[in-house]
Amino acid sequence: MAPLLQVENLRIELTTRDGVAPVIDDLSFSLNAGETISFVGESGCGKSMTALGIMGLLPEKIGHIASGTINFDGEDLTKASDVRLREIRGNDISMIFQEPMTSLNPVYTIGEQIAEVLRRHQGLGKRAAHDKAIDLLDAVRIPNPKARVSDYPHQMSGGQRQRVMIAIALACEPKILIADEPTTALDVTVQAQIFDLLRDLGEKMGTAIILITHDMGAVAEMAERLIVMYAGRKAEEGPVEQVIDHPRHPYTKGLISCVPHLMGTLTAERPTLTEVRGIVPSIRQFGRDACLFASRCDLVSDKCLEGRPHEIGFENDQHSACWHAEDV
Amino acid sequence: MSKQEQADLLLKVDHLTVRFAMKRSGWGKKSYLYAVDDVSFEIKRGETLAIVGESGSGKTTTALAVARLVHAHEGIVDLDGKNFLELQGEALRKARAKLQFIFQDPYSSLNPRLRAEAVVREPLDSLDAVPVAERQAIVDRLFTAVGLRPEQQRLFPHQFSGGQRQRIGIARALATQPELIICDEPVSALDVAVQAQILNLLRRLQGEFNLTYLFISHDLGVVQHMCDSVAVMYMGKIVEHADRMSLFTKPLHPYTSALLSAVPSVDKKRREATKRILIPGDPPDPVNPPKGCRFANRCPVAQPQCSQSEPELSEVAAGHKVACHLVDEKAISPL
């Protein structure tokens, strides 16, 4: 079966004051129907840009897709017209954002905002859309949906607002849901509820989920496969358990070990955390023909500075773009 | 308490209460929101106490009140034998040198118009404790201590990355040779890889300068790594207070258990061993807190008595305090 979404050699360029920089550089991946895949990396590594590229929402006049294809259900989204993209967005692919505080319109009730999607994409009448909105609020487990449907966003808590966002995103039962750091602004107990909700709804509707996050714990809990992004390039890809057990890219290894995770067995002494020294290179460095992680890497050799590493494959479709992948 | 224990104790907070006046609704009495409600804890010299809780639980307000950055309605903050909340004038200025603050957001907590060296030097200038001639040497030493290069002293805050700015914030906090440093979410605004650098730095400095930390965080992984003891807050109250080992391995309050079980983990063993404890709904309205236990409406094991009377924070095992009706001297989790 052909994958639902197939991205090949995608290159997204951003025009900045210093010239054109490839914020996504030769990215390929595929997503099967009903699968959950996760993008991980620090800020500025191109996770959100990938999502915006798929959605056709790159910042106008600044960002554009320079080359590559995004194949969705047999259709190349890079060549689709604006009108067609508008049909796909919300209907087939939808997105929830990091800030549930700012992504809802404060002057409309949440019921109107959910109903708008249904009226626009599914041609429902006012009454029917309103009723469906109540059903959707119930589906995202907002208590007393009949009364809450006429609430304004400011009357809801952060977790509830994110639930409303999920209701809007899932209103048309899309094939793909892109969740861009959906829980970063929320408390852990609320985060756990949102993850449960996404998992249940994904299973029920068969929605494929692209989860963008920087939290390896969330990845381990939610996703089947993960893609580690670094400086606009794919550093590593593979099944979640396998990558966490044995990462094949020094950056992945650093990302996992630099965070103090809650452990099952607790010891009295606390070892110093492994550091990934330095920071992500500036956008001006992107696109060089070298390993961009070299300046922060312990395994660096001359080879790393001379050419961009090729992907090396391991068992179960784990890939790492590192010259020293075998040694990690 | 013996003399020795007294000497070991650096900070002792007793019955601290912070309240904010709410807008009056019609005639009637003024109503108050008790952001911090009768909170007591103590920290030994050289140790780290973490206060954890979700947003709105009052952890940051507690820290601000201890540092006198918000007005405490009631309570005593005993810092090294003196009530910090009652000091006035010169005595207060002197005492402030002993207590410094590291803020959450390194982007807004540095004056954008001062050079990095001036930022670090400012507490020295305003406290006037060391002669002018020695101040530059202290700034130089601090820059090395927090891992910044000497030539970076002349730069402005916007020329630094987030992690470097937090280093400047730490150097500024160290300038007056404080004994207690309050770290209010010092790494939550930073990228994961940079977090590790700052956490390692904080622990190294603690050893070097014999610092005591009051560490505010919502990230339980970070807390587990940093602290010696933990206080868990919920709606302005401490619900559980214990040393690191017992809190993380044997949580007694249902809220603590729920909080711990909600943290996603990369450790497969832990993921399989923990059962997710769901706490549905939201905390009640803080302006009109319920009569009984504040957690009762979300608690999975709540009994009728829980909504009748408020549980006191009491010691159930050595050094382990819990505020829950369902936990007795046997110290068994009600879950």
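The values are calculated or read from the model by the stated rules, or taken from the named source; none is laboratory data. What you see is a predicted model, and the numbers here were worked out from it, not measured in a lab. Here the Cβ positions follow ideal geometry from the backbone for every residue, glycine too, while neighbour counts run over all protein chains shown. Protein only, heavy atoms only, side chains kept; ligands, DNA and RNA dropped before computing areas. Shrake-Rupley method; radii C 1.70, N 1.55, O 1.52, S 1.80 Å.
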Check your understanding: Which residues, taken from segment B:242-269, are more than 7 Å from chain A (Cβ to nearest Cβ) and surrounded by 23 or more Cβ atoms within 10 Å (Cβ to Cβ)?
Key -> B:242, B:247, B:251, B:252, B:253, B:254, B:255, B:256
Check your understanding: Restricting the search to segment A:195-217, which residues are over 12 Å from residue A:140 (Cα atoms), open to solvent by 10 Å² or more (accessible area, probe 1.4 Å) and within 11 Å of chain B (Cβ to nearest Cβ)?
Key -> A:213, A:214, A:215
Check your understanding: Out of all the residues in segment A:131-143, is one or more exposed (fewer than 13 other Cβ atoms within 10 Å of the Cβ), touching a Lys or Arg at 6+ places or on another chain (Cβ under 9 Å) and more than 29 Å from residue A:48 (Cβ to Cβ)?
Key -> no
Study note, to complete from the structure: If we ask which residues in segment A:169-194 are among the polar types (S, T, N, Q), more than 9 Å from every other protein chain (Cβ to nearest Cβ) and open to solvent by 20 Å² or more (accessible area, probe 1.4 Å), their number turns out to be 1
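Please state which one of A:277, A:248, A:288 is among the basic types (Lys, Arg), in contact with a Cys (Cβ under 9 Å, 6 or more places away or on another chain) and in a loop (DSSP other than H, G, I, E, B).
Values: A:277 fails: in contact with a Cys (Cβ under 9 Å, 6 or more places away or on another chain); A:288 fails: in contact with a Cys (Cβ under 9 Å, 6 or more places away or on another chain).
Among A:277, A:248, A:288, only A:248 is among the basic types (Lys, Arg), in contact with a Cys (Cβ under 9 Å, 6 or more places away or on another chain) and in a loop (DSSP other than H, G, I, E, B).
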Practice item. Looking only at segment A:223-237, decide whether some residue is away from chain B (no Cβ under 13 Å), part of a loop (DSSP other than H, G, I, E, B) and surrounded by fewer than 22 Cβ atoms within 10 Å (Cβ to Cβ). Key: yes
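Would you mention how many residues in segment B:270-280 are farther than 21 Å from residue A:226 by Cα, of a type outside the set (A, V, I, L, M, F, W, C) and either more than 7 Å from chain A (Cβ to nearest Cβ) or in contact (Cβ under 8 Å) with a residue 60 or more places away in the chain (or both)?
Matching residues across segment B:270-280 total 3.
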Exercise for review: Residue by residue through segment A:92-110, note down the ones that are within 23 Å of residue A:134 (Cβ to Cβ) and either out of contact with any Lys or Arg (no Cβ under 9 Å at 6 or more places or on another chain) or among the small types (Gly, Ala, Ser) (or both).
Suggested key: A:94, A:96, A:103, A:105, A:106, A:107, A:108, A:109
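Residue B:209: surrounded by fewer than 22 Cβ atoms within 10 Å (Cβ to Cβ), at the interface with chain A (Cβ under 7 Å from one of its Cβ atoms) and touching a residue at least 24 places away in the same chain (Cβ under 8 Å), yes or no?
So residue B:209 does not fit the description; no.
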Point to revise | Counted residues, segment A:239-267 - those being surrounded by 16 or more Cβ atoms within 10 Å (Cβ to Cβ) and at the interface with chain B (Cβ under 7 Å from one of its Cβ atoms) | key: 10
Exercise for review: Hey, can you tell me all the residues within segment B:47-78 that are open to solvent by less than 10 Å² (accessible area, probe 1.4 Å), over 16 Å from residue B:33 (Cβ atoms) and more than 14 Å from chain A (Cβ to nearest Cβ)?
Suggested key: B:49, B:51, B:63, B:66, B:67, B:77
Check your understanding: When segment A:62-81 is examined, which residues are found to be open to solvent by 70 Å² or more (accessible area, probe 1.4 Å) and either without any contact (Cβ under 8 Å) to a residue 24 or more places away in the chain or within 19 Å of residue A:3 (Cβ to Cβ) (or both)?
Key -> A:73, A:74, A:79
Practice item. Scan segment A:40-54 residue by residue and report those that are among the aliphatic types (A, V, I, L, M) and open to solvent by 10 Å² or more (accessible area, probe 1.4 Å). Key: A:49, A:52
Review point. From the set of residues in segment B:161-205 that are of a type in the set (S, T, N, Q) and more than 24 Å from residue A:270 (Cα to Cα), which is nearest to the other protein chains (Cβ to nearest Cβ)?
Key: B:161
Revision key, fill the gap. With the first residue restricted to segment A:13-39 and required to be touching a residue at least 12 places away in the same chain (Cβ under 8 Å) and at positive phi, and the second required to be surrounded by 15 or more Cβ atoms within 10 Å (Cβ to Cβ) and assigned to a loop (DSSP other than H, G, I, E, B), Cβ contacts under 8 Å at 6 or more apart or on different chains are A:34/A:207
